[in-house]
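Enquirer: Pasting a structure below so you can have a look.
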């Protein structure tokens, strides 16, 4: 049963208040839900990949090429889905670390870039003095 407009507004206000009061907690809660969704999506992609391998092998065994082609395309699609989902994983390192996953490369690169930019600013500020 969907929420009424009034209930939706109240829920949004509560979410905004939580975000304003404790942004770290709000970020953790949001990342945990996203992580759960992405993990489920990766599991389904792996399951589809395994089924596609079986379809490919069956097509080769009974010598029906279209079945093999469909199996191969299914494998390709599932692999791309799993990899793209993995790369879009949330950047909240503590949530990922507690789940056993590593943070995505983009988050690592941005942290490195932030450190380099900070060093550059410090050097520039020291030089200006």
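Just so it is clear, none of the values below were taken in a lab; they were calculated from the coordinates. The structure presented is a predicted model; accordingly, all values stated were derived computationally and were not measured. Cβ coordinates were reconstructed from backbone atoms using ideal geometry, including for glycine residues, and neighbour counts include every protein chain displayed.
Enquirer: By how many nm would the segment from residue 36 to residue 65 lengthen if fully extended, with 0.36 nm per residue of separation less the alpha-carbon distance?
Expert: Stretched fully, the residue 36-residue 65 segment lengthens by 6.7 nm.
Enquirer: Further question: If R₀ is 22 angstrom, what is the calculated FRET efficiency for the pair residue 77 and residue 111, using the beta carbon separation as r and rounding to 0.05?
Expert: Numbers: r = 32 Å, r/R0 = 1.47.
It comes to 0.10.
Enquirer: What length, rounded to one decimal in nm, is gained on full extension from residue 17 through to residue 57, with 0.36 nm per residue of separation minus their alpha-carbon distance?
Expert: 8.9 nm
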